[in-house]
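Please treat every number below as a calculation from the coordinates, not as lab data. Quantities reported herein were computed from a predicted structural model and do not represent experimental measurements.
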Amino acid sequence: MANSVHPVEIRYSGKSDNSEKPETHGTSSPSVSLEDSCNEYIHEILVEWESHESQYNVVPLKRVKVALFPLLVALRKKELGPVQLNQLANVLDGILEEDFSRAKQEYLTLSIGKGKFPIGLTNVGIHERKQVQSSQAEQNMILDDWCVNIKRLINFKQWLITHHTDTGEQPKPQGQ
């Protein structure tokens, strides 16, 4: 999906303006940026989670929101790198299309990448590698935090689909 429009972009393409051009869905560029579309969809999932928080309490929602905050800020400020943005959009596309095995595969690509690991070359240039690693350590920690919580969003949506579409009705909160 290098130059094509992501489904998550198409979903929000008419929400920013007065929806003057509904025919823009498809191959032309959407009116909402990919960053804004990803941001909107993540917020939508979090709102959904909030409405089912009493039933889905695998991990506290507040913790997920705190961990995703740096990602949401980076999306809003359009500071996420193009490779990470495209991969995040691929994950969200999988969630949106309810293809959770694809979403999890895209998540793995987002979190560990497709690069080959230099097995056996770990001691070559150790001083140079240590400097590079220490300068990127904080960035990787932030990436790790929000990346793990993207997986939690996948798990929540999968739980929601499997547990609440079987009956065709919205679940009632516990205690009512």
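Can you tell me the length gained on complete extension of the stretch Thr162 to Thr109, counting 0.36 nm per residue apart and subtracting the Cα distance?
Roughly 16.6 nm would be gained on extension.
Expected output is a single nm value to one decimal: the length gained when fully extending between Ser101 and Glu50, i.e. 0.36 nm times separation in residues minus the C-alpha distance. What is it?
Here the answer is 16.0 nm.
Take the residue pairs Lys65/Lys151; Lys62/Lys114; Lys65/Lys114; Lys62/Lys151 and return only those whose Cα atoms are more than 22 Å apart.
Lys62/Lys114; Lys65/Lys114
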